[in-house]
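> Structure provided below as structure tokens; questions to follow.
The values are calculated or read from the model by the stated rules, or taken from the named source; none is laboratory data. Worth saying up front: this structure is predicted, and the values here are computed from it rather than measured. With ideal geometry, Cβ positions are generated from the backbone for all residues, glycine too; neighbour counts draw on all protein chains shown.
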Amino acid sequence: MNHDTQGPERLSCDVLVIGGGPAGSTVSPMLAQKGHRVVLLEKAHHPRFHIGESLLPANLPLLERLGVAEEVRAIGQYKPGAEFVSPHHDHTQTFHFAEAWDKSMPYAYQVKRAEFDEILIRNAERKGVEVHEGCKARSVEFLPDRSVRVHAEHDDGRTTVWNAKFLVDASGRDTFLASRFKIKERNPRHNSAAVYGHFANARRNAGEAEGNITIFWFDHGWFWFIPLTGGITSVGMVTWPYHMKTRAGRSVDQFLLDNIATCKGLAERLQDARLSAPAEATGNFSYAAQHNHGDNYLMLGDAYTFIDPVFSSGVWLAMNGGELGAQTIDTCLRHPKKARAALRHFDRQSRRGPKAFSWFIYRVTNPIMRDFFMGPRNVFRVKEALLSTLAGDVYGGAPIGRSMLAFKALYFAANILQPRRAFAAWRKRRENIRPADEAALARVP
């Protein structure tokens, strides 16, 4: 490390990681274990609140590889499946992960992100990563010698200038690089907002199904219901911007409660529940950067793209990207002649997961797709393939390609056979995803 007593402290490392969430806390220890000097900057102090509390079965082998599986098991709520509830059907539909194509991943966990993220970042420290919490990256320069310079500010007012061979943007919704490059774009095919909070004393399912995530459709989108440990349940509404504008002066708490009251099944489960902390709101929920890498930087997880949390894919996509990113950066630093091919592979794989989930996300509120979810059949093994997708097995682990093509063909055939219903759904979706005034989506103090 190089020190300069004049002005800001000047330091150097091999890899500088911005962001200490799941992506940053996955890529950094994996790089450190490969022998690289890794520094991680996290603007907050762990533990800190975050949403995205539902893990996928595909995530568990990665937790083993990181060496944190037992710690996560100790804080996690066992989650064997996902339940869907529709106001237009007189039954609920539960998908059990054990029935997916790959039977080796029969469950996952629901986690309080404050606890989960702290486990990950402390593991990074143990593995040799130099972690700076309360340190926010302020600016970045890409220098002629192909190094990267980042200016950072600490909570106590100190400033530090880091020089690194490679930069990882794992800054989440802050989108550190995409915002500075001006390449962050609203997703033209999806546009949603969210209001969410933690509830005490919610009524859960009985027995093993207690830990299942439940998705409730309602007229303006859908709700999640995520049971956590300690009697807390995370409940969130994902809705369209036009509906957020109907808040009309109501507090975020009241807006959430008023909408819960319109969703019968959810209202019944929350009849005796109460918010344990103020609700929060997030607008512009769906976006993507125009690209996710350069010669000496990568964007991971939400720093690159985010679509919609309906399939709980965010943490898995971020952590899988972190593992892939570590392999890519190691190749770039050790074998420069192989760097271009490694970065192309990273790009293809980084797009694969979001693409697999987004096909469903764009259609999940379509009444024809809702019928498919509420009455699944296993012709051509399509139910197993759907379950594999719900489990996060979207990177080629299970041979679900042909079955997913069959599922999509059946879906499009159903649209052709119900043209009026399909056209009405298409027109409604166009109205739903139209942009809205971002200021109207901001939280009321």
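> Just checking: which of the helices (runs of 4 or more DSSP H) contained wholly in segment 329-445 hold 1 or more residues that are hydrophobic (A, V, I, L, M, F, W, C) and free of Cβ contacts under 8 Å to residues at least 40 places away in the same chain? Full working, then the answer.
On the way: elements: 339-361, 367-374, 382-390, 401-417, 419-432.
Of the helices (runs of 4 or more DSSP H) lying wholly inside segment 329-445, those with at least 1 residues that are hydrophobic (A, V, I, L, M, F, W, C) and free of Cβ contacts under 8 Å to residues at least 40 places away in the same chain span 339-361, 382-390, 401-417, 419-432.
> Applying the selection to segment 368-389, what residues are surrounded by fewer than 16 Cβ atoms within 10 Å (Cβ to Cβ) and not polar (S, T, N, Q)?
Answer for segment 368-389, where residues must be surrounded by fewer than 16 Cβ atoms within 10 Å (Cβ to Cβ) and not polar (S, T, N, Q): G375, R377, V379.
> A further question follows. Mind checking whether some residue in segment 241-264 is within 30 Å of S28 (Cβ to Cβ) and of a type in the set (S, T, Y)?
no
> Counting only residues that are in a strand (DSSP E or B) and in contact with a helix residue (DSSP H, G or I) (Cβ under 9 Å, 6 or more places away or on another chain), which one in segment 151-179 is nearest to G19 (Cα to Cα)?
The selected residue is D169.
> Given (1) touching a Ser or Thr at 6+ places or on another chain (Cβ under 7 Å); (2) within 30 Å of P80 (Cβ to Cβ); (3) assigned by TED's automatic domain parsing to the domain that holds N296; (4) of a type outside the set (S, T, Y), where does R352 come up short, assuming only one miss?
(1)
> Check F373, F346, F311 and return the single one that is modelled with pLDDT of 95 or more and within 22 Å of N212 (Cβ to Cβ).
Matching residue, one of F373, F346, F311: F373.
> Another one. Within segment 104-111, can one find any residue that is of a type in the set (G, A, S), crowded, with 18+ Cβ neighbours inside 10 Å and in a loop (DSSP other than H, G, I, E, B)?
Taking every residue of segment 104-111 in turn, none turns out to be of a type in the set (G, A, S), crowded, with 18+ Cβ neighbours inside 10 Å and in a loop (DSSP other than H, G, I, E, B).
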